[in-house]
Amino acid sequence: MKSRSLSCISLISLLAGNAYAGTINVDFTKNIGTVNPRAFSMDSTEYGSPHDIVHDQTVYNLIAALHLDAMRIDLQNGSDPQLGAGSTSGPGDPWVQAIDSTGAKPVIRLHTIGEDDNGTDSGGSAADAQAMVSRYTANYAAHGLSKPVQYYIIGNETNANDSSGSNFIAFAPGMRSASGGFTLYIGGPAWGWYDEGTMTGYFANTKSTAGGPDFLDYHQYGNGGDTDMSASQLQQELNGGGSDSDGDVLQYGTVSYQAEIAKLQGDTGLPIECGEWNLTWGSDPAQGQPFNAIWGASVIGNIVKAGGVSMEYGDSSGGLMGVVSQNDTPMPLYYSYYMFTGGALFQHFGTNMVLTSVTGDTTVNVQGSNVVQNNTLEVFASNNPKNIVVINKDPNNTETGTVNLTGYGSGTMNAWQTTGDGLPAQIATNVAITDGTFTYSLPPYSVTTFVLGSGTTNGADRNR
């Protein structure tokens, strides 16, 4: 879980516009990328016992209701798998079975030598990894699973202890040979922070000797865990970020996740997984406040927009991290996921990300000679099916959002909205759309999902 702290850079200038209306353009004729089949995923922390998916039916039901694509579990000792992280101990089978039964794909994180950046032998071996694959992939049905486990991660934050990928080189060939003919997707290095040079070097070295990973995994937290963030720092975490012409991160914020993933994908051609993220790797009161639902939705959207996998840490942690509290109630990040997956209320975000743009009220962050402009309204939209997720990142002002659609002229729309303190409320039911446009009120710090039914296309391109 540990990650290198990324300190907030002082906000030099924050200029707020006077208008509180924005124009949202969504072009369903222009797909800009495929949504990763594991895009909306999560870690099982193994810290929340007894309030976890194995021992607490309420927690299980809440997690299952999110309709996650995948969940990661940490296991060790391949011949007799045991939990390998957190404060919970016990056999691994019930956890893999619980994840599988929610409909999510289990992702197993394997122990190696040199875990957790401390250089100690955690007991992992190539033989353990091979036995784990034999159990959960080749012989999955005999161990209570409905489908073979196909996703594995080798190591966790080994950092300086395994920058060359020696564990991957030792483990991966035997794992593939033990899969019983099923395709495996093996990732690494689960680096403790975004380190482009090390991860691209890891990729090149493992590719030349062991075929290389099928995806790269790294961890990135919004801030360090030692100091609670002020209101202005929290807003900077939400509005900050961006990259220069070389793709280097200028200031940490939610859009930085998109910049990092896009850069790594460009370097390697591999899918990228942010295998752990949260507002902080420690404990900040803001994690339990509605703000975190807005921040989390922005992180998820930016990761997914870049084609990445969003794997929040985690389900239940025994503290403020996670999506379910120790009182068996949803935490704010639960609602972040809900606005994309739809839960039991509406359809899941689609399989293709489409082009969007926003004009209107903006804030501008000035950092030396670098200017990063971010709209108060942030939009993520999909085809197959057609969903539009709109985030109002303004803490004080209601925005009036006029949505202009290209490739959708008339049809019906339903909408759900949350301000981060409860399940989304339905604010529109089978509302008729004509001439490809509609307008809705977007409260401060809110997430709104517009779900479009089948409709007719329009001839005019409103974005030109």
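The values are calculated or read from the model by the stated rules, or taken from the named source; none is laboratory data. Quantities reported herein were computed from a predicted structural model and do not represent experimental measurements. Neighbour counts run over all protein chains shown; Cβ positions are idealised from the backbone, glycine included.
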Study note, to complete from the structure: Among the residues of the range 264-299, the number that are more than 30 Å from Gly211 (Cα to Cα) and within 11 Å of the chain's Cα centre (by Cα) is 5
Check your understanding: Can you name the condition, by its number, that Asn61 falls short on among (1) under 30 Å from Pro424 (Cβ atoms); (2) in contact with a helix residue (DSSP H, G or I) (Cβ under 9 Å, 6 or more places away or on another chain)?
Key -> (2)
**Study point:** Residues located in the range 50-68, provided they are in a loop (DSSP other than H, G, I, E, B) and touching a residue at least 40 places away in the same chain (Cβ under 8 Å)
**Key:** His51, Asp52, Ile53, Val54, Asp56, Leu66, His67, Leu68
Check your understanding: Can we say Ala131 is touching a Lys or Arg at 6+ places or on another chain (Cβ under 7 Å) and in contact (Cβ under 8 Å) with a residue 24 or more places away in the chain?
Key -> no
Check your understanding: If you check Gly282, Gly319, Gly288, Gly307, which single one turns out to be at pLDDT 95 or above, assigned by TED's automatic domain parsing to the domain that holds Val255, surrounded by fewer than 24 Cβ atoms within 10 Å (Cβ to Cβ) and not basic (Lys, Arg)?
Key -> Gly307
Check your understanding: Tell me, which strands (runs of 3 or more DSSP E) lie completely within the range 124-233 with 2 or more residues that are in contact with a Gly (Cβ under 8 Å, 6 or more places away or on another chain) and modelled with pLDDT of 95 or more?
Key -> 151-154, 215-219
**Study point:** In the range 172-221, the residues that are of a type in the set (Gly, Ala, Ser) and within 21 Å of the chain's Cα centre (by Cα)
**Key:** Gly187, Gly188, Ala190, Gly192
Review point. Among the residues of the range 122-144, how many are within 20 Å of Ser101 (Cβ to Cβ) and not aliphatic (A, V, I, L, M)?
Key: 7
Exercise for review: Check Val133 against each of (1) surrounded by fewer than 23 Cβ atoms within 10 Å (Cβ to Cβ); (2) over 24 Å from the mean Cα position of the chain (by Cα) and name the one condition it does not meet.
Suggested key: (1)
**Study point:** Close pairs (9 angstrom Cβ cut-off, 6 or more residues apart or separate chains): in contact (Cβ under 8 Å) with a residue 24 or more places away in the chain and outside any strand (DSSP E or B) in the range 314-335, surrounded by fewer than 19 Cβ atoms within 10 Å (Cβ to Cβ) and among the hydrophobic types (A, V, I, L, M, F, W, C) anywhere
**Key:** Tyr334/Leu423; Tyr335/Leu423
Check your understanding: Which of the residues that make up the range 69-91 are assigned to a loop (DSSP other than H, G, I, E, B) and either modelled with pLDDT under 95 or not assigned by TED's automatic domain parsing to the domain that holds Gly318 (or both)?
Key -> Asn77, Gly78, Ser79, Asp80, Pro81, Gly84, Ala85, Gly86, Ser87, Thr88, Ser89, Gly90
**Study point:** Residue within the range 413-434 that is surrounded by 20 or more Cβ atoms within 10 Å (Cβ to Cβ), under 19 Å from Val358 (Cβ atoms) and in contact (Cβ under 8 Å) with a residue 40 or more places away in the chain present
**Key:** yes
